[in-house]
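> First the structure, which I've put down as structure tokens, then a few questions once you've had a look.
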Amino acid sequence: MAKVIAITNQKGGVGKTTTTVDLGAALSREKKKVLLVDFDPQGNLTSGLGIERKRPLTVLHMLQNEVAEVEYDVHDTIAKHETDEVNLDILPANKLLVTAETLFQSVEEDKELVLKKVLSQVKDEYDYILIDCPPSLSMLTINALGAADSVLIPVQPTKYSLDGLADLVKLVMVAQKSYNKDLDFEGIVYTLDTPTQVETRNIKQDVENAYGANIRIHDVTIPRLKDISSSPSYGVSVFDLAPTSNGALAYAKLAREVLENG
Ligand SMILES: Nc1ncnc2c1ncn2[C@@H]1O[C@H](COP(=O)(O)OP(=O)(O)OP(=O)(O)O)[C@@H](O)[C@H]1O
Ligand SMILES: [Mg+2]
């Protein structure tokens, strides 16, 4: 039975999609069976792994299935990223996923649990399912929290990184109180990290002071590196592009920390 991890932060550009792809790739190299769910209408995960347009069906069709009982098979929707280095399944998305917001509103009961129902069809086929969330606290993110066993929060340690973090933590606590009682924090992971800068260190201290007592802050941090930012241009993960780079090494370490967490 897969562990489902929602990778979320409503702040844009903090490395959610990159972390979904490269953590997923790292887990796949640990011989885990991994499904990545693109749950952002930007579709960056889908295009970043080079599977745009080849697949007519998307995660939106699967949500429609649950709500309107259209007969699509989730297995027909899953695309594959298979290379020498990694083996990933992807539930793709495109810009039409914005229409899911109205779809959710039309559901009378358990509108937070539509994605959970979709994923329950494949949960026993994977070890890990990673959900790449959009940069908003929308019904999409709420559905990701409804489907998840844990929440991983990528945080870029810059001046405004604490802004909005409290709102996200509150949203997780609401989920825990009402529609997903078993939801846990996987942790906070620093991304786009520039560890030698004094400002960065001060911000990490602020995050530690605010959340360290309640949320695990991962030991490994993901440095800002060209190997990591270049890989989507080639439609691959950092392990396909530069398997021995420090970026690959950092995500491999993060995978081990996630594995140790069970
Ligand atoms: N560790 C890193 N080093 C260098 N560049 C990175 C790193 N992580 C992410 N990037 C780059 O930063 C940009 C934002 O990353 P990404 O798309 O993963 O963020 P996001 O949180 O998913 O964004 P959005 O909120 O728009 O969905 C991308 O151009 C990505 O290639
Ligand atoms: Mg993204």
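The values are calculated or read from the model by the stated rules, or taken from the named source; none is laboratory data. This one's a predicted model, so the numbers in the text were calculated from it and none came from an experiment. We place every Cβ from the backbone using ideal geometry, glycine too, and count neighbours over all the protein chains shown.
> Hey, does region 155-174 have a residue that's crowded, with 16+ Cβ neighbours inside 10 Å, in contact with a Ser or Thr (Cβ under 6 Å, 6 or more places away or on another chain) and not in a loop (DSSP other than H, G, I, E, B)?
yes
> Is at least one residue of region 95-105 without any contact (Cβ under 8 Å) to a residue 60 or more places away in the chain and in a loop (DSSP other than H, G, I, E, B)?
no
> Within region 31-61, work out how many residues are more than 18 Å from the chain's Cα centre (by Cα) and under 29 Å from residue 259 (Cα atoms).
1
> Counting residues that are near ligand 1 (Cβ under 10 Å from one of its atoms), which helices (runs of 4 or more DSSP H) fully inside region 1-76 reach at least 1?
Qualifying helices (runs of 4 or more DSSP H): 16-29, 44-48.
> Could you look through region 213-226, keep only residues that are farther than 15 Å from residue 253 by Cβ and either near ligand 1 (Cβ under 7 Å from one of its atoms) or crowded, with 16+ Cβ neighbours inside 10 Å (or both), and pick out the one that is farthest from the chain's Cα centre (by Cα)?
The qualifying residue farthest from the chain's Cα centre (by Cα) is 226.
> Name every residue in region 106-142 that is within 16 Å of ligand 1 (Cβ to nearest atom) and in a helix (DSSP H, G or I), in order of residue number.
Selection gives 140, 141.
> So, one more: Look at residue 134 and say whether it is modelled with pLDDT of 95 or more and in contact with a Lys or Arg (Cβ under 7 Å, 6 or more places away or on another chain).
no
The rows are residues; the columns are (1) touching a helix residue (DSSP H, G or I) at 6+ places or on another chain (Cβ under 7 Å); (2) under 21 Å from residue 126 (Cα atoms); (3) crowded, with 19+ Cβ neighbours inside 10 Å.
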residue	(1), (2), (3)
76	no, yes, no
84	no, yes, no
98	no, no, no
102	no, no, no
107	yes, no, no
110	no, no, no
